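**Student:** One structure, pasted below without further comment.
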Amino acid sequence: WKYTGPAAIAALVPYVSGLVVQFCGEKFAEDKPSIRPLVPMIFQVYRLHQLNRAAQLVAGLIFSMKTLEASVQTTAITSSLQMLLSSLQLLGIFSLWSLAAFLTQTSLAWHHGKGVSLVPF
């Protein structure tokens, strides 16, 4: 992370800020049962988009590192970028799992006629 701090910040700040905005949106929608299930769905899908964009940025940086002469520093930077890319992929898997769990819970609640009284993720 020593060499890729700016790339990590550029990749992760939109993701973290999206989490904060989602939390605020869910607090705002607590009293509004008609829009409450829409907030997590919208933000989960947008979070996947953010992670995809961040992964594209990091993959582009890794690709651009291949044109440089191999040295200890470029190897360290490439390794750090690959670790960042792996972290983004792990966050993507978790986000997909979270979205699938939310959609399953929502569809089961609607199927059983219980409305949408779901606990936000």
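The values are calculated or read from the model by the stated rules, or taken from the named source; none is laboratory data. Predicted model only: the values in this text are computed from it and were never measured. Don't worry about glycine lacking a Cβ; one is built from the backbone with ideal geometry, like all the others, and counts go over all protein chains shown. Surface areas here come from the heavy atoms of the whole protein model, side chains and all, with no ligands, DNA or RNA. Shrake-Rupley method; radii C 1.70, N 1.55, O 1.52, S 1.80 Å.
**Student:** In whole Hz, with x marking every Gly and Pro, tabulate ³J(HN,Hα) for the range 84-101 from phi via Karplus 6.51 cos²θ - 1.76 cosθ + 1.60, θ = phi - 60°.
**Tutor:** The phi angles translate into 5, 5, 5, 5, 5, 5, 5, 4, x, 5, 5, 5, 5, 4, 5, 5, 5, 5 Hz.
**Student:** Under 17 Å from a point placed 7 Å out from the Cα of Met83 along the Cα-to-Cβ direction: which residues of the range 55-75 have their backbone N that close?
**Tutor:** 58-59, 62, 72-75
**Student:** Still on this model: Quick check: at a probe of 1.4 Å, how many percent of the accessible area of the chain sits on carbon and sulfur atoms?
**Tutor:** Ligands and nucleic acids excluded, carbon and sulfur give 70 percent.
**Student:** With every protein chain present, what accessible area does Tyr46 have (1.4 Å probe, heavy atoms only), rounded to the nearest 10 Å²?
**Tutor:** About 120 Å², rounded to the nearest 10.
**Student:** Quick one: helix 5-28 against the long Cα principal axis of the chain, what's the angle to the nearest 10°, folded into 0 to 90?
**Tutor:** Computed tilt is about 10 degrees.
**Student:** Using a 1.4 angstrom probe on the protein heavy atoms only, could you order Lys27, Lys32 from most to least accessible area?
**Tutor:** Largest accessible area first, the list is Lys27, Lys32.
**Student:** Please list Glu26, Glu69 from largest to smallest accessible area, probe radius 1.4 Å, with all protein chains kept in place.
**Tutor:** Correct descending sequence by accessible area is Glu69, Glu26.
**Student:** Given [x] 26.6, 100; [y] 18.6, 63; [z] 14.8, 45 as candidate values of Rg and Dmax of the Cα atoms in Å, which corresponds to the one derived from the coordinates?
**Tutor:** Only one listed value fits the structure, namely [y].
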